[in-house]
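Report on the following structure.
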Amino acid sequence: MADTLYNVIYRGKVLQDFDFETAKRNLIKMFSLSEEKAEKILKSRHVVLKKNVDESTAKKYGIALKKAGLDVAMEKIPTKVVSREATLVPALKKVATPKKERKDAPPPREKLVEKKAGAPAPAAGIKLPSRIPFEFHGTGSEYFKIWLVNIIVSIVTLGIYSPWAKVRRKQYFYGNTHVQGASFEYLADPVKILKGRAIVVVLLIVQSIVSNLVPIIGAILGVAILVILPWLVVRSLAFNAGNSAIRNIRFGFDGTVGEAAKVFVLWPILAALTLGILSPYAYFRQKKFIVENSSYGTTGFTFTATAGEYYGLVFSALIPIVMGIVVIAASGFFFPPAAVLVGLVLYLYFFAFFSVKTTNLLYNSSRLALHRMESTLKIKEYLLLVVTNSVATALTLGLFHPWAKVRTLRYKLEHLTMVASGDLDSFIAKEQKQVSAVGEEMGDFLDFDFGL
């Protein structure tokens, strides 16, 4: 017997607390509709917005549409054999589909399915996972203009413009990062960030004055920073996630301060006390905490990596590290200046090694429902990128920095793919908590980095 299915219908009027124009704007933003289509829907007396879906999905769409201001209801479909695959009516045919087809948009999902030579064809009714690549459309010359203006205006305004500079920078990189034809959005309010930074500056000024008058207060405040560190982590991650979105659906972060205290304070202390033996485990716990408390709309991420994989990563580098130390010692014995050069080369190699290995492990172990990520960074390629970027930045006295940043991000995204199983448009945004910018801005000010 087929499960009961429902249609989500618009009953021809907006809710009491909304007017026509507000509902129209919300509808356009939520579903990327043209103004003409949004008006046509709102002026209809009865229109099916979503058909042939299960009760849970119908309720989710109902909640989202009511938040937009539409008076909607669930309509039970008479019991009969109906396709399990939900089909959108033409009015809302595809959420967040660009209004005009882009020449640089990725090919349709069906064309992205990998077909291995000699592999048996899938059984009837079974869909192979779709491989959806990430893309970056920005250029170094474009970002150079933004970067230069941000620096000049921030200096002229004595740093007051820095929150706007930060938002402009993030909006450029988010907006030029595309997946399946849609770009990411950064939605933070610069005024909130400015308020957060103002609070931090005032607190540090007070701390400086009090420390000069009573030196012991400096040590007490140092301990206080360690105590509030978990709060800073949670607030920073929640603020950044809540202001990141794609297809009008925001990301979220629901980690607790207690959990953060364990992974960012307790385990690092234990790692130090064990002379680094627990460091891979502490790092694993931190990544697990971040991923498993993150969400996209109402769907949470899962993390499948194990502590053993992180220890394996470290052990695989032990022999090269020992050999490197021997080479540096030998170079220093026969020709001391060569030891510096050898040490620099080895530093860059191990930087590339751990960056590539930890990034690949992080993304390859992350899941969003039935969808998973696949990262294929290569050590030699990334090492060459790091070396050329470093040399070019040094020779140009820092002016190559914007190109270096764009080149690095483009390389990482070119080797990142989403292996999708099912409909990526099925997630519904959940209501986000108002998160103050204070946590993230204090983290920035004190040079803390908790991002993925």
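The values are calculated or read from the model by the stated rules, or taken from the named source; none is laboratory data. Just so it is clear, the model here is predicted, and its values are computed rather than measured. Note that we place each Cβ from the backbone using ideal geometry, even for glycine, and neighbour counts take in every protein chain shown. Accessible surface areas use protein heavy atoms only, side chains included; no ligands, DNA or RNA. Shrake-Rupley method; radii C 1.70, N 1.55, O 1.52, S 1.80 Å.
Annotations for the structure displayed:
- The 3J(HN,Hα) values that the Karplus relation (6.51, -1.76, 1.60; θ = phi - 60°) gives for the range 325-341 are, in residue order, 4, 5, 5, 5, 4, 5, 5, x, 6, 8, 8, x, x, 5, 4, 5, 5 Hz. Gly and Pro appear as x.
- Heavy-atom SASA rank of Ile217, Ile77 (probe 1.4 Å, accessible area, largest first): Ile217, Ile77
- Heavy atoms of Tyr61: accessible area, 1.4 Å probe, square angstrom to 10: 10 Å²
- Heavy-atom SASA rank of Met74, Met30, Met373 (probe 1.4 Å, accessible area, largest first): Met74, Met30, Met373
- Cα gyration tensor shape of the range 172-252, rounded if a/c is under 1.5, else prolate or oblate by comparing a/b with b/c: prolate
- For the pair Leu341 and Val391, label points projected 7 Å from Cα toward Cβ lie 1.3 nm apart.
- For the residue pairs Lys13/Lys59; Lys24/Lys50; Lys29/Lys50; Lys380/Lys412; Lys166/Lys378, the C-alpha atoms sit more than 21 angstrom apart in Lys166/Lys378.
- With all protein chains modelled, accessible area of His137 [1.4 Å, Å²]: 50 Å²
- Whether the range 183-313 is rounded, prolate or oblate, judged on the alpha carbon gyration tensor where a/c under 1.5 counts as rounded: oblate
- Contact order, relative form, for the range 161-313: 17 percent (alpha carbon pairs under 8 Å, 6 or more residues apart, mean separation divided by residue count).
- Rolling a 1.4 Å probe over the protein heavy atoms leaves Trp403 with an accessible area of roughly 90 Å².
- Three-way shape label, the range 187-231, alpha-carbon gyration tensor, a/c 1.5: oblate
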